[in-house]
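Working notes, structure below.
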Amino acid sequence: MTLQPADRVAYNHDLTPVEDAGIEGHFQQLPGPSRPRQTPHTKSSYSQEARAARRASAASRAEYDVPDTYENLGETANIPPVQNPDEESVHRYETLEQERAREQSYARDRRRPDEDPATRAAVQAEEKAEAASYPVSKKETQFYTLSYLIFFSIFGTLARLGLQAITIYSGTPIIFTSVWPNFAGSVVMGFLAEDRMLFRQEWASPSSNGADTERGSVSVDSKGARKAHLAIKKTIPLYIGLATGFCGSFTSFSAFMRDVFLAVSNDLPATNAPNRSGGHTFLAFIAIPLITISMSLAGLFFGAHMAIFLEPYTPSLPFLFTSKILDRLIVLLGWGCWLGAIIMSIFPPHDSWRGTATFALVFAPLGCLLRFYISLRLNSRAPSFPLGTFAVNIFGTAVLGMSWDLVHLPVGGVIGRQVLQGIQDGFCGCLTTVSTWVAELAVLGRRHAYIYGAGSVGTGLVMLVAIMGGLRWGDGWNPLVSTH
């Protein structure tokens, strides 16, 4: 049973502070005929709840002083794809709009100009003391996060190019290769968003009686602690690297929109019949969005269901290994792999490597980092419309369209075409994302999700028609000279 806002059931007031802060959104029926009903949230209560949740979350972080702006990432929204994994009969579902509204209220509350100087000084002193309590400073946390993003953007790009290569074969039933990386990346995203085991040691440690506790106080398996655990794991640089870096780079919104345009222009492989009616063009246009979006959403929920099913068997990453060894090792791996890709592009063992992979690996971290910072800046602007994800998807689609046109013009040499191919596969592929996009669609309110989804696809297609359509339906594309 799904409860609408008007049908809210009472809170359980017999909770510890951490559970009470984390249980927002998990309402349940209580025994007794005369229990009071909780009134709907007001604007003032939003900031109080946000502060309480922040205090609970901060109390449980063991290592990282995480910037508040990390909450704006679409991959770190504190709402899993499956909000009722235990299939309770009474459950209240939250939306991304509600989560972002609380964050905005919290941010406004911190900037209140009417606060008296004594209170402001006390808050600042508390924040300084909290920052000093973290073994890993904010600058170190940001540096580790960037290193993870660089490494996993390269890894995600290689996975995308490899999966596309093995799904091109004679007689394939799906003739556009972008669908498979988008599906696979969404599966991984769903698993990471729902998983409660991989980063369990970041949140809980075994107590003397054998029960898992939140640093020895609250069970991870309680409802409130589960939600708090979701919030905490999404502040860990390794998780951000996997979700934002790997999944975001494995999937590509710009490649998806390119295939939509090629279907409209009758240029997909094995479909370019000499004569095609307008009705067939329309069917080709709607087929690719329907298949890609439905498969990506299905992949997201399949990954989440797999995380729930495999929970008893999923190991936990050792806390000391991730915080003391892997964080430091990833600095060498991430920046070293990027430098290696640059060197191999300058001195390749074979010239074909440039167009196949190395230029894409050089541009991949640039696209991923740009997406990361734009999401930090813009996603909080409109709770019901993730502006950062929308902006990078549309901008990356436009850059891909321009690169595609330049590759199909009779200008430049082989290396120039290889660079343009690297921009399409690396920069645009990592700048744009489907996994984050469908994760946001899954937790937005229904009306806002349709507006956001249709607006993204419609704007992307209009952008490509304006950029690629002029050349395609004007002078026409020249046959592509091999970029390998």
- Write down the Kirkwood hydrodynamic radius of the stretch 237-390, to one decimal in angstroms, obtained as one divided by the mean of 1/r over all alpha carbon pairs. 19.5 Å
- Item | Ordering of 370-377, 349-356 by packing [mean C-beta count within 10 Å, highest first] | 370-377, 349-356
- Task: Subtracting the Cα-Cα distance from 0.36 nm times the residue separation, let me have the gained length for residue 462 to residue 339 in nm, one decimal.
- Result: 40.6 nm
- Task: Compare 233, 324 by solvent-accessible area with a 1.4 Å probe and give them largest first, with all protein chains kept in place.
- Result: 324, 233
- A chain fully extended from residue 175 to residue 370 at 0.36 nm per residue, minus the present Cα-Cα distance, gains in nm 67.1 nm
- So who's got an amide H within less than 5 Å of the one on residue 91, skipping anything under 5 residues away but keeping other chains? H placed 1.01 Å off N, in plane. 3
- Query: Using θ = phi - 60° and the Karplus form 6.51 cos²θ - 1.76 cosθ + 1.60, what ³J(HN,Hα) does each residue of the stretch 140-147 get, whole Hz, x for Gly and Pro?
  - Reply: 5, 4, 5, 5, 4, 4, 4, 5
- Ignoring ligands, DNA and RNA, how do 196, 100 rank by accessible area with a 1.4 Å probe, largest first? 196, 100
- Can you tell me which of 415-427, 172-184 comes out highest on packing, and rank the rest after it, using the mean Cβ neighbours within 10 Å? 415-427, 172-184
- Highest mean packing first, using Cβ neighbours within 10 angstrom, the peptides 428-439, 329-340, 289-300, 394-405 sort as 428-439, 394-405, 289-300, 329-340
- Task: Quick one: what are the phi-derived ³J(HN,Hα) couplings along the stretch 306-314, Karplus 6.51/-1.76/1.60 with θ = phi - 60°, whole Hz, x for glycine and proline?
- Result: 5, 4, 5, 5, 8, 3, x, 10, 7
- Report the accessible area of residue 194, computed with a 1.4 Å probe over the heavy atoms of all protein chains in place, in Å² rounded to the nearest 10. 10 Å²
- Tell me, what is the FRET efficiency for residue 316 and residue 87 to the nearest 0.05, using R0 = 22 angstrom and their Cβ-Cβ distance as r? 0.35
- Between residue 347 and residue 381, 0.36 nm times their residue separation minus their Cα-Cα distance comes to what? 7.8 nm
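The values are calculated or read from the model by the stated rules, or taken from the named source; none is laboratory data. Note that this is a predicted model, so its numbers are computed, not measured. Positions of Cβ are generated from backbone atoms using ideal geometry, with glycine treated the same way; all protein chains shown enter the neighbour counts. Surface accessibility is based on the protein's heavy atoms, side chains included, excluding ligands, DNA and RNA. Shrake-Rupley method; radii C 1.70, N 1.55, O 1.52, S 1.80 Å.
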